[in-house]
Amino acid sequence: MANEIKTRDAIQSLKPNAKWTLTGSSLNWLDSEQTEPTSDELAAEVIRLQAVYDAKAYQRTRSLEYPSIQDQLDMQYWDSVNGTTTWATAIAKVKTDNPKP
């Protein structure tokens, strides 16, 4: 499922310590020490944040496909006992199947 970056994410990214509320699409700026971001700034930040999220899709996919840590440790133990490369082969397959862009 794709993540949708929202206005609230953009506000938090641009003004992380600001005080504000968002009701529907209505922004109520409560912070007198920071300027309210413009709609153009918010739109640009939404696009930027979505691009960053999308660029890391391979990381999210990889993390789901790696064997559990317990299984990896078991593979490593038996590889050391048997002189095999089960663990390295399993990890290489996940990386090959889900390459970096």
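What follows is calculated from the coordinates using simple rules that are stated; it is not laboratory data. This structure is a prediction, so every number in the text was calculated from the model and none was measured. FYI the Cβ positions are ideal-geometry reconstructions off the backbone, even for glycines, and counts take in every protein chain you see.
General observations
- Hits in region 40-56 (condition: surrounded by 13 or more Cβ atoms within 10 Å (Cβ to Cβ) and in contact (Cβ under 8 Å) with a residue 40 or more places away in the chain): Val46, Leu49, Gln50, Tyr53
- Search result, residues across region 60-80 that are surrounded by 11 or more Cβ atoms within 10 Å (Cβ to Cβ) and either of a type outside the set (D, E, K, R) or within 17 Å of Asp9 (Cβ to Cβ) (or both): Arg60, Thr61, Tyr66, Pro67, Gln72, Leu73, Met75, Gln76, Tyr77, Trp78
- 1 or more residues in contact with a strand residue (DSSP E or B) (Cβ under 8 Å, 6 or more places away or on another chain): qualifying helices (runs of 4 or more DSSP H) within the chain: 7-14
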